[in-house]
1. What is the helix-to-structure angle for A:437-464, meaning the angle in degrees between its Cα long axis and the longest Cα principal axis of chain A, kept from 0 to 90 and rounded to the nearest 10?
2. Which of B:G134, B:T93, B:M103 sits closest to the plus end of the dipole of segment B:92-224, meaning its Cα is farthest towards the positive end, when Lys and Arg get +1 and Asp and Glu get -1 on the C-beta?
3. So for A:V189, A:V260, fewest C-beta neighbours within 10 Å to most, what's the order?
4. Would you please classify the overall shape of segment A:375-442 from the alpha carbon gyration tensor, given that a ≥ b ≥ c denote the square roots of the eigenvalues, rounded means a/c under 1.5, and beyond that prolate means a/b larger than b/c while oblate covers the rest?
5. Farthest toward the dipole's positive end in segment B:32-226, which of B:I168, B:F212, B:F48, given Cβ charges of +1 (Lys, Arg) and -1 (Asp, Glu) about the Cα centre?
6. Between segment B:51-104 and segment A:397-461, what is the C-alpha centre distance in whole Å?
7. Which lysines, if any, have their Cα less than 26 Å from the Cα of B:K142, not counting same-chain residues under 8 positions apart?
8. Quote the Stokes-Einstein diffusion coefficient, in whole µm² s⁻¹, for chain A, based on the Kirkwood radius over alpha carbon pairs, a temperature of 10 °C and a viscosity of 1.306 mPa s.
Amino acid sequence: MQHVAIADQIDEMHDPQSFVTKYIWSQDHKVIAIQYSLTAIFVGLVALVLSGLMRLQLGFPDTFDFIDPTAYLQFVTMHGMIMVIYLLTALLLGGFGNYMIPLMIGARDMVFPYLNMLSYWMYLLSVLVLLSSFFAPGGPTGAGWTLYPPQAILQGTPGYDWGIILMLASLAIFIIAFTMGGLNYVTTVLQARTHGMTLMRMPLTIWGIFTATILGLLAFPALLVSAIMMMLDKVLGTSFFMPALVSLGESLDYTGGSPVLFQHLFWFFGHPEVYIVALPAFGMVSDVLATHARKNIFGYRMMVWAIVAIGGLSFIVWAHHMYVSGMHPAFGFFFATTTLIIAIPTAIKVYNWVLTLWQGNIHLTVPMLFAIGFIFTFTHGGLTGLFLGNVVIDLPLSDTYFVVAHFHMVMGVSPVMVLFAAIYHWYPLISGRMFNVTLGKAHFWFTFLGTYAIYLPMHYLGFLGVPRRYFAMGSTDFIPESAQSLNASITISALIVGVSQLLFLYNIFWSLRHGKQAGHNPWGATSLEWQTPDVPPHHGNWGAELPRVYRWAYDYSVPGAEHDFIPQNHPVTDTEGTAGDHGESEK
Amino acid sequence: MTLQTDKSTDYTQPGVAGMVSDWSSDRQAFDMPWGKLMMWIFLLSDTFIFSVFLTGYMNVRLSATDSWPLTSEVFALEIAGTHMPLVLIAIMTFILITSSGTMAMAVNYAYRGDKRKTFLLMAATAALGASFVGMQAFEWTKLIVEEGVRPWSNPMGAAQFGSTFFMITGFHGLHVTAGVIYLSIVARKVGRGDYDRKGYVIVEIAGLYWHFVDLVWVFIFAFFYLW
């Protein structure tokens, strides 16, 4: 049975009339994307301020009265959780996923726009519930972003009475929101592509977002279930994760639960989460690099298969986060092996990015600077991952600043670099105007150099054995006093980097009004989102007729072509060489 | 309205060749409407939720320090003087599997365009589902009121028995309840003829969900009640 391609039924699209249906209760994927992005950036700024407060305490202990150990732990926890889930996941998938998927594959919208709208409002609700914990009695939870039981729900942990409940509820709501959005993304990519858009002609951005969304749909269930179980432990006094224990001199009613079970469930979610954040970033950076180097992405097929392979492998490496939790040595061996195997597809990607730049016509635009910066930070973070993936090296380094440095480089700063690259790259499309280049470059150098000023010294602190999450070191014999001056230097760098983000915000908002008109396709990009009849694209994206795709997304500098790029919707001509035809010739 | 006419997309090929042509086609990878594919993906995600629930249950069952109660005795009923282990659960399972049968017949009649039979069979499915939930409510009441089982403790043994029981059957019960509501709404719309223009694939989509809920119950039955 053949089905009518619903994308062709233009009569289903009703243009929104009033301000409210257009910008508030909007079902347009582009408006939803912007709603997602603004909300995510807002909570991200909250988390940025929290990290600044943490750094103040670490750099200058006993100086700031308002940061006590309780508040410090709450800052750590909320910073981590907000950054990983409510900023990165939401901005990459809810923001860029929503904006880019229909435009890049040539669809008019997501397949179920109403569900898509609900997804955003549920996400907003989860953010509000999370932020409300700042005002709850006892404040937000201070259990660390991993929320390990038993301590997460016991007296003595900050926010043990309300903070943890609000955190778990917020996570559950977020997962519902993500599922509604994610089902849309996957179905849209699989079923709503335009004529000629085969899977192997999709830009890598879409491949990254698509694979990451599938990971999310399969990994978030583990977090949902563990949140439910911990909520029951906390509220009803069940003992899923709680062994018999004595707390504050009192023996509690819990008995026979398994704290390690939580760790397994959490990291069965938590490791794929790393790639939920990383894969869209991999995809977007590939497109930014190819566009601004005026060169086709090196090894497109390898890039696609590397994304898929990384996605698959990410489900069988989770216990490398748990080497110190106590594990049978055979399992340690297994998880170390799978972890190191992930380095292969990841290294393929890094080589391909570098080889894309090789002999390219590199334009050092602001997005390109951030994309190249990403290659540096990601490679550094990835290399320390090889250390931590091995059991024997991980054991002494576990829970030190080495780990903090590693994951901030690899999944903190790197995706953020790509996000900046992507925001600058697609800003002309989304707003119709160019940003200020000087401010953008200043923003890049502050961010990029600042990253190294912050995280390189942390590796040394880690080697010295400085433990993470501690409020203060006190007088500890094995840590030399010089560690403190390193900490102070890190704090000053972090504050500068934090403040320099104002350049970015100012640039984005100033350029909305005062930037010069971008016009169509200012970067000379090939992919479909730049080929819309209007800039910024209108509701329905494509006007009367959907675009038709004849080639892959990377026909840059094709010999014999008129321009140094050929958009995907340009038919293949006889004069051009065979470079653009990657076994996908029009049948 | 244009039909899929791309020549590279030949959905009729069997086996691996057909799969390859599906995945290498433009426009769509699967020959099915959006809603149906979305339901399949949702069910895949939901499968992971129930798998994690059951894995967690097995883990706490093994880690529990007190002995695990004998399920066949806990869920036994005294009917007409006869002691019958697991009798209620057996009836519930039978009802749910029967409801899958009526659902499958409803899908069949929906594609034949027989609205009346479709409506009746969907209503029957919903009614069977509702009776399943009713029996579950009876079972919960009996355990809570008569046997003193609580989520945090029970007189028969390991506290995790009550915890996992209420959590897993509760979560599944919510799925059945949602399914009953979903089926009722779709059945009413089928009866009114709301789908005459769009087609009756919605019945199959609702059916997919219903069969999934049924299948999950089989695993819960096997791992929780029979183990």
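1. 30
2. Looking along the dipole axis, the top candidate is B:M103.
3. Numbers: A:V189 27, A:V260 18.
Exposure proxy ranking, most exposed first: A:V260, A:V189.
4. Note, shape of segment A:375-442 comes out prolate.
5. Of B:I168, B:F212, B:F48, it is B:F212.
6. 53
7. Filter leaves A:K234.
8. Numbers: Rh = 24.9 Å.
So the translational diffusion coefficient is about 64 µm²/s.
Laboratory data are not the source of any read-out in this text; all were calculated from the coordinates shown. Owing to the predicted nature of the structure, the values given are computational and were not obtained by experimental measurement. Every residue, glycine as well, gets a Cβ built from its backbone with ideal geometry; the counts of neighbours run over all protein chains shown.
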